[in-house]
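This report refers to the structure that appears directly beneath it.
The values are calculated or read from the model by the stated rules, or taken from the named source; none is laboratory data. Keep in mind that this is a model prediction, so the values were computed, not measured. Neighbour counts run over all protein chains shown; Cβ positions are idealised from the backbone, glycine included. The protein model used for the area step is the full one, side chains on, heavy atoms only, and it has no ligands, DNA or RNA in it. Shrake-Rupley method; radii C 1.70, N 1.55, O 1.52, S 1.80 Å.
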Amino acid sequence: MKSRISFSNYYVRNGIAYLITIVLGVLTFIDKSHPFTGKRFLAASFYFTFVFFWVVFHNRILVQKLLLKKKVIYYILCILLVYLIWYPVAVIASRNADLPVDPVNELFIYIIFTTLGVSIFLSTKYLLEQKKFYQTSLLKREMEIQQLKSQLNPHFLFNALNNIYSYTLHSNKFGNELILKLSELMRFILASAERNKINVEEEIKFIENYI
């Protein structure tokens, strides 16, 4: 089965996000006082690849499995433990890029990326849920329209109008009454299409008008 290339596709969405992260991350490693070398590019790619996968892990595992299930203590412990990995990664990347690293500044970057990542995650989740809701509503509306079309059989309507017309040709005695009953039939069909249940009395009245 071919996967659709769209915003709803998890892998496509994260692939684009990864490329954007790498491009913007490499730009932050550009320093006018030092030439931008292949070594610095690899260091930037290494650092921001780690950042990206940390954000994905944080959103998919820590937020959904711990924070949203109110396991706050475990969540905080994981956040603290991951920083013990984050900082050495930042040191390795900075040394290979010939850039200084500050513990306080790196902690601030850690908090910023984590907060930004979860904000994007929750926003994306909300948008996808809204899209799914509107698609479901649209599908339900289309099904209702199809059901209504199947109920409003044009052959029945044409036959009913022809019968009324034949009555009015001979006598107008029953013409008004038949038109009124046909109107009640149509009103019932339109109203019932928007309801989940129908009263027995209404159904019997419908059959009587049809007969």
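Would you please classify the overall shape of region 1-130 from the alpha carbon gyration tensor, given that a ≥ b ≥ c denote the square roots of the eigenvalues, rounded means a/c under 1.5, and beyond that prolate means a/b larger than b/c while oblate covers the rest?
Oblate is the answer for region 1-130, as a/c is 1.5 or above yet b/c matches or exceeds a/b.
Assuming R0 = 30 Å, what is the FRET efficiency of F158 and E208, from their Cβ-Cβ distance, to the nearest 0.05?
That pair, F158 with E208, gives E of 0.85.
Which entries in the list K125/K197; K140/K197; K69/K131; K140/K181; K65/K140; K70/K125 go over 28 Å, if you measure between the two C-alpha atoms of each?
Table pairs above 28 Å Cα-Cα are K125/K197; K140/K181; K65/K140.
Step through the residues of region 15-24 one at a time and calculate ³J(HN,Hα) from phi using the Karplus curve (6.51 cos²θ - 1.76 cosθ + 1.60, θ = phi - 60°), rounding each to whole Hz and writing x for Gly and Pro.
Taking θ as phi minus 60°, the curve returns x, 5, 4, 5, 4, 5, 4, 5, 4, 5 Hz for region 15-24.
Tell me the per residue accessible area of the chain using a 1.4 Å probe; a whole number in Å² is fine.
Accessible area per residue: 75 Å².
Give the peptides 39-49, 198-208, 115-125 in descending order of average Cβ contacts within 10 Å, highest first.
Going from most to least packed, we get 39-49, 115-125, 198-208.
Compute the distance in nm between two label points, each set 7 Å from the Cα along the Cα-to-Cβ direction, one at I73 and one at A191.
6.1
What is the percent carbon and sulfur in the accessible area of the chain, measuring with a 1.4 Å probe over the protein chains and ignoring ligands?
Taking all protein chains in place, the chain shows 67 percent carbon and sulfur surface.
Between I211, I30, F108, whose Cα lies farthest towards the positive end of the dipole of the chain when Lys and Arg beta carbons carry +1 and Asp and Glu beta carbons carry -1, centred on the Cα centre?
The residue sitting farthest along the positive end of the dipole is I30.
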